[in-house]
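Please treat every number below as a calculation from the coordinates, not as lab data. Because the structure is predicted, anything quoted here is derived from the model rather than measured. For neighbour counting, all protein chains shown are included, and Cβ atoms are generated from backbone atoms with ideal geometry for every residue, glycine included.
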Amino acid sequence: MTNAQHSLPMRHLTRMLRGMTFQRQLAIAMTVGVLGLALFSSMGSAWQGSRQVRGNVIQQSLRIASSLATQSTLALLSGAPENATEAVATTLAFPDVLRVEIRKTDASALLVKGVAVKDNDEKPAKVDPAGREPYLDSETDEAWRFVAPVWTAKRDTPFDVVAPTDEFLGYVVVVLSKSTLSQMVTNIFLANILSSFFFAAIFLVVIRFLCARLARPLNLLSAAMFRAEQGEVHVRTEVDGPSDIQAMALAFNRMIAALQERGGELQRHRDHLEELVRDRTNELRRAKERAEVASQAKSDFMARMSHELRTPLNAILGYAQILKMDRTLSDRQLTCLNTIHGSGEHLLMLIVDILDLSQIEAGKTELHLGPVNTRALANMLDDVIRIKAAEKQLIFIVECAEDVPSTLMVDEKRLRQVLLNLLSNAVKFTQSGQVRLSLSRIEQDQRGDHVRIRFDVQDSGVGIRSEDQERIFEPFEQAGDSRSRAAGTGLGLAISRQLVRLMGGQLQLSSEPGTGSRFWFELSLQMVDAMVREPVRHPLVTGYTGERRRILVVDDVEANREMLVAMLRPLGFETLEAVHGQDALDQVQASNPDLVLMDLAMPVMDGLEATRRLRANERTKDLPVIALSANASNTHRDEALAAGATLFMSKPFDSADLLRNLERCLSLNWIDAQA
């Protein structure tokens with residue numbers, strides 16, 4: 001196009017403006033300016049407000065998800081959804097929370113509550129196992145989906161065997177509706193645009209009547225409007241000219257003030273939301289602190305119970321070992337004693353494992369592999385369970401297939417615990433018929449030194465309903481009638497499943513009501529025949545060579561002292577007795593014993609203080625002291641050794657361990673009856 005063609009529209013516009021009056025031109029100009037200002041300021045304010053509200057809602061939602069993840073740790077550790085019911089209900093009480101999910105590491109749901117949301121329901125979350133912070137997982141037009149990983153917290157306890165480490169347990173999902181955000185954005189936009197257009201309409205009506213006197217006031221107002229259009233927040237126009245022009249200026253100023261007020265209200269609303277979130281967070285923190293106090297009280301109670309249960313077991317197991325040393329016993333008597341000893345050891349094992357259930361579920365339990373004679377294990381189980389079965393007139397059958405290797409590498413303590421629990425349950429829930437234990441060989445590993453063994457427990461009892469078959473594996477859950485349930489704690493199957501998983505298997509169940517139940521699992525175990533092993537020697541000690549040694553037994557419980565004396569005197573030791581720490585110090589000064597067996601928990605003066613005083617005395621600083629305690633935690637062991645104890649033994653203890661420690665401290669040469 002030529003320059004002449006470009007100038008035609010301009011000339012046409014110029015002619016049109018020249019044909020209009022000043023009032024009309026000013027009205028058109030003011031109309032365009034005011035409407036544009038109203039529209040753009042409203043849209044800008046609405047856009048900015050929506051961004052702020054969106055950011056606040058997302059941050060609040062992340063804190064809600066993080067708080068729920070913190071409160072879901074116990075539920076995921078125990079696998080019990082009821083432990084998170086209150087936290088889920090509290091979360092659902094927050095505005096716009098539509099759905100809450102607690103999922104395990106494999107994405108399976110532990111607890112889901114709330115309403116289904118299109119395009120969000122049941123979608124697997126993209127969880128980074130190394131991540132710890134909550135994040136926005138997905139977003140639709142209707143809702144957000146937030147995900148927070150759940151980790152254990154480092155917390156030393158008296159029962160830790162190894163240093164605790166964090167563990168990824170699963171994640172929680174919180175779905176929030178966008179309805180409130182959309183409504184707030186709409187309200188902000190409507191309020192801004194209505195107020196802007198309202199004042200603009202007033203302004204345009206007034207301007208029609210003041211064209212003659214608008215030169216200076218309108219220039220001032222135009223300048224003010226221009227500054228406002230450029231984004232100046234605190235712009236004000238000078239109130240001058242006729243009263244109606246002053247009113248228009250005041251109207252403009254009020255419009256700007258109204259916009260500022262809307263911004264102030266939005267800021268106050270945001271501050272209120274932050275305050276509400278802080279209050280909620282403080283409430284959740286206080287609830288968490290109360291839960292931690294309750295957990296510590298439970299731990300202290302369990303520790304005291306451990307001490308109280310171990311103390312009588314010390315005498316039971318000790319006298320059982322003393323009686324087994326009697327060579328005049330008949331085979332029947334020896335069998336009964338072995339059963340008493342084995343049952344007592346199993347009771348001790350159950351006490352330890354029940355108190356350590358949280359450690360098992362946290363994955364802190366370690367296996368201690370050793371060579372196990374499979375047929376000896378089967379015979380031990382037969383001795384223990386046959387008595388229980390005979391009391392109910394049940395037939396008990398133990399089958400160990402011929403092709404099962406005679407010796408396998410396995411944690412005997414854990415395997416025996418699982419089998420005894422399954423067999424005890426089978427006897428408990430069977431009123432007539434039989435209980436059967438089968439050990440069979442499934443296949444041999446390709447490496448040649450491993451074999452797959454199936455352990456199978458079947459009964460003809462009452463059976464388990466299909467709806468109860470998964471529930472009974474949860475902690476503190478039981479099936480059966482009230483009389484049967486009262487006979488146990490509901491921890492056995494939960495512990496057994498965890499232990500079988502730790503050994504590399506999976507505890508399976510098949511059952512029908514009225515026909516009985518079958519529990520079985522398979523383990524891939526190493527055959528000892530494929531390994532180079534040193535022979536293990538178990539001598540029958542009847543005494544020791546050399547001069548007679550004197551041992552001071554210190555314990556406030558008379559039964560414990562008598563048991564130790566009955567164990568030591570037949571071996572040729574001279575024994576002295578003391579009932580507390582101060583008595584022990586007096587006996588040491590008077591009798592010069594060669595070794596002290598020192599209990600730790602005693603009145604007047606405990607064993608720790610007595611040991612410290614022995615070490616502080618130049619005369620007794622090298623006297624061997626073996627600390628004995630029914631508190632078997634690593635903390636008590638460390639305290640005893642720090643006080644100066646030579647060795648530490650937890651009650652109840654095996655006689656072989658006592659003899660081994662006496663040999664170590666006194667350099668003894670035992671007399672072997674077999675030799």
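Of LYS288/LYS651; LYS413/LYS651; LYS104/LYS428, which pairs sit farther than 24 Å apart, going by alpha carbon to alpha carbon?
The pairs that break the limit, which is 24 Å between Cα atoms, are LYS288/LYS651; LYS104/LYS428.
Please list, short to long, the whole-number percent of alpha-carbon pairs of region 541-672 in consecutive 10 angstrom bins beginning at zero.
13, 48, 33, 5, 0
Just want the ordering: ARG660, ARG497, from fewest to most Cβ atoms lying within 10 Å of their own Cβ.
By the 10 Å Cβ count, ascending, the order reads ARG660, ARG497.
Which parts of region 252-294 would a label at LEU194 reach, counting a residue when its backbone N lies under 15 Å from a point 7 Å out along Cα-to-Cβ?
Counting only backbone N, you get 259, 262.
So if each residue of separation counts as 0.36 nm, and I subtract the Cα-Cα distance between GLU399 and ARG375, what length gain in nm does that give?
7.7 nm
Grab the beta carbon distance between ALA93 and GLU167, set R0 = 30 Å, and tell me the FRET efficiency rounded to 0.05.
It comes to 0.50.
If each residue of separation counts as 0.36 nm, what is the full-extension length gain between MET16 and GLU133 once their alpha-carbon separation is subtracted?
The MET16-GLU133 span can extend by a further 35.6 nm.
Rounded if a/c is under 1.5, else prolate if a/b beats b/c, else oblate: with a ≥ b ≥ c from the C-alpha gyration tensor eigenvalues square-rooted, which is region 579-652?
Prolate, since a/c reaches 1.5 and a/b exceeds b/c.
Grab the beta carbon distance between SER667 and ASN338, set R0 = 35 Å, and tell me the FRET efficiency rounded to 0.05.
Efficiency, from the Cβ-Cβ distance: 0.65.
R0 = 22 Å: FRET efficiency of ARG285 with GLN59, Cβ-based, nearest 0.05?
Given R0 = 22 Å and the Cβ-Cβ separation, E is 0.80.
Please give the length that would be gained between SER179 and ARG569 if that part of the chain were fully extended, namely 0.36 nm times their separation in residues minus their C-alpha to C-alpha distance (nm, one decimal).
132.0 nm
Can you work out the PRE-style zone for ALA390? Point 7 Å along Cα to Cβ, and I want the residues of region 326-340 with backbone N under 20 Å.
What the label zone holds, given the 20 Å backbone N cut-off, is 329-340.
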